[in-house]
Amino acid sequence: MEFIRAFIVGGLICVVGQVLIDLTKLTPARIMVLFVVAGVILGALGIYPILVEWGGAGATVPIIGFGNTLAKGVIEDVNEKGLLGAFSGGVRAGAVGIAAAVFFGYIMAVVSKPKIKNKA
Amino acid sequence: MEQKRTKEEYKKWSQKQAPKSPKIKRILMAFLVGGAICTIGQVIQNALLGTGLDEKSAGAATTLFMIFIGAFLTGINVYDDIGRVGGAGASIPVTGFANSIVSPAMEYKKEGYVMGVGARMFLIAGPVLVYGIITSIVVGIIYYIIK
Amino acid sequence: MGTRLGKHTVRLDSKPVIQSWAAIVGAKEGHGPLGSYFDEIIEDEYFGEETFEKGESKFLRETFGKILSKGEVSTGDIQYIFAGDLLNQCIAASFGIRETEIPFYGLYGACSTMAESLSLGSFMVEGGFAERAVCITSSHFCSAEKQFRYPLEFGNQRTPTSQWTVTGSGGVMVGKAGDGPRVTHVTTGKIVDMGITDANDMGTAMAPAACDTITAHFRETNLPLNYYDLIVTGDLGWHGKNICLQLLEENGISVRGFYEDCGVMIYDQQIQKTDCGGSGCACSATVLGGYLLDKLSKRELNKILFVATGALHSPLSLQQGESIPAIAHAVSIEMI
């Protein structure tokens, strides 16, 4: 079942992050940076695509999958356009994610404001 | 007053007595929340593939949906609670990336739409893009050389 | 005129009187164990303003007004205000009292500001430079999170040693005459830095400073350890309080049984999920202006040593890898 596979792979990737947070006191921002960089490297080495094959969205939804997407784009573009592709591939492949985050982020920021809920 | 311990000793001595985070519980919650978010992603992806989109577009569109969900839940003041419970299970999925963009943007709205929302949006997500893109370029150059 | 007893401590021979006091807090503090002692509880974290920072200023302004009305004086009767807060350039305090037209000293002592301002206000009265001075401070959970940690809606987990910044403002008016609680000694702390770099563990960073100041107080005043009904630190929290108790005992100062911490008192740790307890300038200030002075004036407490503790770092200094310097100031408050 691909849903169960997605659950397991996605869950385990997050567990790695949680263990890093609890053991190393790395801040969430550093963990996210680490995961993206790891995703790019594992993607380029051809290791991460195997995980995507098996885990589906469980491997692509975590931020490490975004790194994999960048690597995939870079390799495609280098094959197509040579050295220029090293500069175009990553952002091209990640464009939807980046643009969506900026767009929806902006809209939500305009319409809503921060609140405390834990008042009791 | 002279200190009885060196700084190193004091740090060790006090840390030994510090309250510990419930590690097993946190790991379990990260697994459950992270797994659940990814499963939602899989459901969306399957639905998109069902509409006849090719695999690549469906993947990109799934990311788009997940980012929307993360941004929306942040905007209605819910994602911080998911993060409180799920820890890395909420911050590692791309919904957490969206949360890291929307939360500072909301917070700094009163500081203006340019230097507030516009600049602060990337407070946490900025480094992720910076290092992701730089690594991808380095990888591309290496690949070009060894290809 | 006061008498210097040692490097850190002076005795105030005229014993300036705390003529009135007040504390206004936010919702969470109002729902805590001390809720019934506060003058007002404000459910809205914005306090009807547009931003958290303006909200915090309003907490301070309203508390200031409350102190004056409870003391039955007007702004013309006050010669000095000593105030400070946690925000950059102390904007909560400056903006909170900018319409009062009273001579003003802005202070930064982080969470030790209540004891710092009370010390200076008492000196002014002792020295005969003022008939009355108001000493006041504020903090706000949302503005502090924004400045020192993450945006409010960011989904990060709290660490178990972290503390919850108290939303609210507390303050007192000290003056020459009256029958309220009196300030008898002031022990000014020095900076103590034990190399702690974890901003989520302030209690550990500040406990040595509290211990240092309390030790100096007893050494220089020669008072017996059981002189006080209560020794109360500002915002060490559960963990820091425990550390401080042990450090004191190592110095031969056993205060178990009459030692408390405002950060521990203000929240119900289990129910309110505040991890190690409260922190912020308003933590010690609201417990003083709400609970402690109330207990003193009813003579349920007669002598207390109020030791507010502060961590003197900034987000910038932490990013640059600096450790957290800490300070604690002690003020003896007695019913005579």
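The values are calculated or read from the model by the stated rules, or taken from the named source; none is laboratory data. Nothing here was measured: the structure is a model prediction, and the numbers come from that model. So basically every Cβ, Gly included, is an ideal-geometry build from the backbone, and we count neighbours across all protein chains shown. Calculation scope for accessible area: heavy atoms of the full protein, side chains included, ligands and nucleic acids excluded. Shrake-Rupley method; radii C 1.70, N 1.55, O 1.52, S 1.80 Å.
Tabulated values for the structure
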quantity: Cα shape, chain A, gyration tensor, a/c 1.5 rule; calculated: oblate
quantity: For the range A:90-96, Karplus couplings with θ = phi - 60° (6.51, -1.76, 1.60), whole Hz, Gly/Pro x; calculated: x, 5, 4, 5, x, 4, 4
quantity: Most fluctuating residue given options C:Met206, C:Met173, C:Met124, as computed from a GNM of chain C linking Cα atoms under 10 Å; calculated: C:Met124
quantity: Length released on extending from B:Lys4 to B:Ile145, taking residue separation times 0.36 nm less the Cα-Cα span; calculated: 44.9 nm
quantity: For the range C:182-334, diffusion coefficient by Stokes-Einstein and Kirkwood Rh (Cα), 4 °C, 1.567 mPa s, µm²/s; calculated: 84 µm²/s
quantity: Among the listed pairs A:Lys25/B:Lys25; C:Lys241/C:Lys295; B:Lys25/B:Lys56; A:Lys25/B:Lys12; B:Lys23/C:Lys190, those beyond 27 Å (Cα-Cα); calculated: B:Lys25/B:Lys56; B:Lys23/C:Lys190
quantity: Efficiency of FRET between C:Gln270 and B:Ile24 - r from beta-carbon atoms, R0 22 angstrom, step 0.05; calculated: 0.65
quantity: Binned Cα-Cα distance frequencies in the protein assembly as shown - 20 Å width, integer %; calculated: 20, 45, 25, 9, 0
quantity: Exposure rank, largest accessible area first [B:Lys23, C:Lys241, A:Lys72; 1.4 Å]; calculated: A:Lys72, B:Lys23, C:Lys241
quantity: Mean-position separation - Cα centroids, the range C:220-277 and the range A:56-120, in angstrom; calculated: 49 Å
quantity: Residue mean of other protein chain beta carbons inside 10 Å, A:39-47; calculated: 3
quantity: For chain B, accessible area per residue (1.4 Å probe, heavy atoms of protein chains only), Å²; calculated: 47 Å²
quantity: Normalised contact order of chain C, rounded percent, pairs of Cα under 8 Å and 6 or more residues apart; calculated: 25 percent
quantity: For the range C:238-294: rounded, prolate or oblate by the Cα gyration tensor [a/c cutoff 1.5]; calculated: oblate
quantity: Approximate shape of chain B as ellipsoid semi-axes (Cα gyration tensor, √5λ), whole Å, largest first; calculated: 36, 22, 21
quantity: Computed helical MRE - 222 nm, chain A, DSSP H runs ≥ 4 contributing -39500 (n - 2.57), nearest 500; calculated: -27500 deg cm²/dmol
quantity: Helical mean residue ellipticity (222 nm; -39500 (n - 2.57) per DSSP H run of 4+; nearest 500) of chain B; calculated: -24000 deg cm²/dmol
quantity: Antiparallel content of DSSP bridges confined to the protein assembly as shown, in %, to 5; calculated: 65 percent
quantity: Percent accessible area from carbon and sulfur atoms, the range B:82-147, protein chains only, probe 1.4 Å; calculated: 72 percent
quantity: Antiparallel DSSP beta bridges within the range C:182-334, as percent of all bridges there, nearest 5; calculated: 70 percent
quantity: CD proxy at 222 nm, helix term only [per DSSP H run n ≥ 4: -39500 (n - 2.57); per residue of chain C; nearest 500]; calculated: -9000 deg cm²/dmol
quantity: DSSP-defined antiparallel bridges as percent of all bridges, chain C, nearest 5; calculated: 65 percent
quantity: Solvent-accessible area per residue, Å², over chain A with all protein chains present [probe radius 1.4 Å]; calculated: 45 Å²
quantity: Rounded to 10°, Cα long-axis angle of helix B:7-17 versus longest principal axis of chain B; calculated: 70 degrees
quantity: Length-normalised contact order for the range C:3-175 - Cα pairs under 8 Å, 6+ apart - percent; calculated: 30 percent
quantity: Dipole of chain C [Lys/Arg +1, Asp/Glu -1 at C-beta], most positive-end residue of C:Gly252, C:Met202, C:Gln163; calculated: C:Gly252
quantity: Debye, to nearest 20: dipole size of chain A, +1 on Lys, Arg Cβ, -1 on Asp, Glu Cβ; calculated: 720 debye
